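Every number in this text was worked out from the coordinates using simple rules, so none of it is lab data. Computed from a predicted model, the values in this text were never measured in an experiment. Neighbour counts run over all protein chains shown; Cβ positions are idealised from the backbone, glycine included.
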Amino acid sequence: MILAILIVATIVALAALPIGVSGFMFGSGPESTHSGALLQVAYTGFVIACVALPIAGFILHRRGKTGLGIALAWLPLVGALLALAIPAPY
């Protein structure tokens, strides 16, 4: 069960989040924030976190720190939800 939770977090963090959030930041539609350089740097850090934190979750699970591993693996998902809760600046 624990591995299933880590695997779901990894799939969502690696596949869905960077693609889904990028449309709100860099798209041309009315819901886009038309981001600048600072938000592009933050997005790059977000993509790196989406790759690194699920891997760290698996490593911590193997070392016996399962709770911390699950929390780290789901951190990009929580961060994305908080980022989408920020209203657009227009």
Selection from the range 56-90 of residues that are free of Cβ contacts under 8 Å to residues at least 24 places away in the same chain, closer than 19 Å to Pro18 by Cβ and part of a helix (DSSP H, G or I): Ala56, Leu72, Val78, Leu81, Leu82, Ala85
Could you list, in sequence order, the residues of the range 64-90 that are more than 10 Å from the chain's Cα centre (by Cα), surrounded by 10 or more Cβ atoms within 10 Å (Cβ to Cβ) and not hydrophobic (A, V, I, L, M, F, W, C)? Lys65, Thr66, Gly67, Gly69
